[in-house]
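What follows is a single structure, written as structure tokens, with notes after it.
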Amino acid sequence: MRTGIRACYDRHMPKVAVKALSPPVDERFMRMALREAARGAMEGEVPVGAVVVKEGRVLAREHNRPIHLHDPSAHAEILVLRRAARKLLNYRLEGCDLYVTIEPCAMCAGAIVHARMRRLIFGARDPKAGACGSALRVLNHGKLNHRVELAKGILAAECASVIQDFFRTRRKRNPSTVNRTKP
């Protein structure tokens, strides 16, 4: 029997379909998200990329930019939702799909629900901050009034590699950033 916060979240979780639209289509858009992540890495940002698609047409693409924009909320998902909403002239992105290279955090998962996205497709899990089941369950929580179809693991190895390589390189350049255990 589970107790605590995790049990509370699990009890209210509805069963939502987890599937890929069609692997070639999902892979194509995830590769676009990976290119955005690479752009972020070139700017010194954590390499996360996101793409919003509606009816097979790309509405917006973005990458992480909190350092560049001096904005802690400038995650790829938030920026791409804002851009897509401006393009559609509507804060509701019904019928839209979001492709992102890593599992969204709690802030981004909440924004995805509020935007009324149709689908979320992510590549790699984020065991430390992922809010779609890895660390937390914000997306599709039973108390929320919108459900998002979820597909996970699309090009997972490539998506994980991009972020792992980024942090490996960063640690080599600045060894003081490595987490150390206390004596």
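The values are calculated or read from the model by the stated rules, or taken from the named source; none is laboratory data. Given the structure is predicted, the values throughout are model-derived calculations rather than measurements. Glycine gets a Cβ as well: all are built from the backbone with ideal geometry, and neighbour counts include every protein chain shown. To get the accessible areas, we keep the full protein, side chains included, count just its heavy atoms, and leave off ligands, DNA and RNA. Shrake-Rupley method; radii C 1.70, N 1.55, O 1.52, S 1.80 Å.
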| Sole exception among (1) assigned to a helix (DSSP H, G or I); (2) buried (at least 24 other Cβ atoms within 10 Å of the Cβ); (3) of a type outside the set (Asp, Glu); (4) out of contact with any Asp or Glu (no Cβ under 6 Å at 6 or more places or on another chain) for Cys108, by number | (4)
| Does the stretch 43-53 include one or more residues that are over 21 Å from Val162 (Cα atoms) and at pLDDT 95 or above? | yes
| task | Name, by its number, the condition in (1) closer than 20 Å to Asn64 by Cα; (2) at pLDDT 95 or above; (3) outside any helix (DSSP H, G or I) that does not hold for Glu94. | result | (1)
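So, in the stretch 47-62, how many residues would count as being in contact (Cβ under 8 Å) with a residue 40 or more places away in the chain and part of a strand (DSSP E or B)? Don't jump to the end; show me each part of the working.
Taking the stretch 47-62 first, the residues in contact (Cβ under 8 Å) with a residue 40 or more places away in the chain are 47-55.
Remaining after also requiring part of a strand (DSSP E or B): 49-54.
Residues in the stretch 47-62 being in contact (Cβ under 8 Å) with a residue 40 or more places away in the chain and part of a strand (DSSP E or B): 6 in total.
Which residues, counting only those in the stretch 111-131, are part of a loop (DSSP other than H, G, I, E, B) and small (Gly, Ala, Ser)?
Residues of the stretch 111-131 that are part of a loop (DSSP other than H, G, I, E, B), as a first pass: 115-118, 125-131.
Listed by number, the residues that qualify are Ala115, Ala129, Gly130, Ala131.
Test of understanding: among His146, His75, His141, which residue is touching a residue at least 40 places away in the same chain (Cβ under 8 Å) and either open to solvent by less than 50 Å² (accessible area, probe 1.4 Å) or within 21 Å of Met30 (Cα to Cα) (or both)? Lay out the reasoning, then the answer.
Values: His146 fails: touching a residue at least 40 places away in the same chain (Cβ under 8 Å); His75 fails: touching a residue at least 40 places away in the same chain (Cβ under 8 Å).
Exactly one residue qualifies, and that residue is His141.
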| query | With respect to Ala135, is the statement that it is over 19 Å from Gly56 (Cα atoms), modelled with pLDDT under 95 and either in a helix (DSSP H, G or I) or touching a Lys or Arg at 6+ places or on another chain (Cβ under 7 Å) (or both) true? | reply | yes
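A quick yes/no check of all residues on (1) under 24 Å from Val25 (Cα atoms); (2) buried (at least 22 other Cβ atoms within 10 Å of the Cβ); (3) within 13 Å of the chain's Cα centre (by Cα):
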| residue | (1), (2), (3) |
| --- | --- |
| Gly95 | yes, no, no |
| Leu98 | yes, yes, yes |
| His114 | no, no, no |
| Ala124 | yes, yes, yes |
| Ala151 | yes, no, yes |
